[in-house]
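The values are calculated or read from the model by the stated rules, or taken from the named source; none is laboratory data. Predicted model, so just to flag it, every value in this text is computed and none were measured. Ideal geometry is used to build each Cβ from the backbone, glycine not excepted, and the neighbour counts take in all protein chains shown. Accessible surface areas use protein heavy atoms only, side chains included; no ligands, DNA or RNA. Shrake-Rupley method; radii C 1.70, N 1.55, O 1.52, S 1.80 Å.
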Amino acid sequence: MNTKHYLSKVGLLGCILLLSSIISSCKKEMPAAQPKAEDENASSIAYFVKKGYKAEDIVFKDGNFIIQTDIVISREDVEARIKNEGASGSPQTEHWRGNYIIAAPYHKNVRLYIEPTVTPEWKTAVQGAIANWNNMPGQGTTIELGMSITTSTTAYDTRVFMGYENANWIARAYLPASSGKPGVSVEINSKYNTMSASQKLFAITHELGHTIGFMHTNQTSGVFIPGTATVDANSVMNSFVLPWAGFTAGDALATKKLYPK
Ligand SMILES: [Zn+2]
């Protein structure tokens with residue numbers, strides 16, 4: 001397990017504690033009287049393992065698979081992926097992307113709806129994170145990717161909302177769907193409301209990266225993005241929070257590869 005394993009302020013010890021707490025709480029919430037659901041999950045977990053994920057990094061909770069603590073994929077979407085891809089597909093062995101990125105109708109303007117319960121400080125972080133992506137070096141010349149905030153409660157792509165769990169994830173997000181839609185939500189853990197504004201900005205910029213298809217730079221799950229550096233210590237897609245200091249050249253290059261103009 002990587003010591004900088006997930007989007008967190010803590011190190012290895014916290015990571016182990018977190019995974020064990022999630023797994024144990026998950027066990028508590030999955031009664032033994034649901035063998036069918038567990039069988040379905042087993043085939044989904046086998047799918048992820050085939051893709052190169054580690055089984056111990058995958059937790060099933062409330063109808064979703066949570067990978068590496070902050071990446072969420074619904075069971076329905078996993079089933080759609082399995083159906084789409086048939087029996088083929090081999091593990092992919094550093095910038096990394098998921099199996100799906102957002103499709104052309106969406107990538108010019110991903111519309112985010114911020115729930116009214118999101119605190120002003122986190123709302124500022126969401127606004128800042130959108131500005132970060134919209135102003136990434138290369139935007140308008142080599143990169144075509146846009147995001148905006150909408151107040152419409154129906155015509156949006158990604159919902160941002162507050163949650164609470166006494167755990168070490170700061171925020172977590174869905175990857176794009178197999179249909180090419182952006183990740184459907186970003187959930188912010190109110191446990192970390194007192195985190196610095198700069199770290200909040202980093203965290204949300206990172207989560208928005210998941211919603212458009214990026215995996216963790218410092219891990220080897222997903223598909224390697226050719227041409228990007230194998231080590232990028234300050235990448236926004238590393239799975240731990242830093243104070244925000246801008247995208248790295250690697251972040252911009254990876255974005256250009258996924259969303260070229
Ligand atoms: Zn992450």
Among LYS61/LYS256; LYS54/LYS257; LYS200/LYS257; LYS61/LYS261; LYS50/LYS123; LYS191/LYS257, which pairs are too far apart, with a Cα-Cα distance over 32 Å?
LYS61/LYS256; LYS61/LYS261; LYS50/LYS123; LYS191/LYS257
Expressed in angstrom and rounded, the centroid-to-centroid distance over alpha carbons for the range 52-84 and the range 166-204 is 16 Å
Which of the three applies to the range 141-261, rounded, prolate or oblate, going by the alpha-carbon gyration tensor with a ≥ b ≥ c and a/c under 1.5 meaning rounded?
oblate
Please give the FRET efficiency for ALA80 paired with PHE161, using the beta carbon to beta carbon distance and R0 = 30 Å, rounded to the nearest 0.05.
0.80
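Using a ≥ b ≥ c from the Cα gyration tensor of the range 206-261 (square roots of the eigenvalues), is it rounded, prolate or oblate, where a/c under 1.5 gives rounded and otherwise the larger of a/b and b/c decides, a/b for prolate?
rounded
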Protection-proxy order for peptides 119-126, 104-111, each taking the mean of Cβ atoms within 10 Å per residue, highest first
119-126, 104-111
Out of the total accessible area of the range 184-252 (probe 1.4 Å, heavy atoms of protein only), what percent is carbon and sulfur?
64 percent
Give me the accessible area per residue for the range 79-214, probe 1.4 Å, as a whole number in Å².
41 Å²
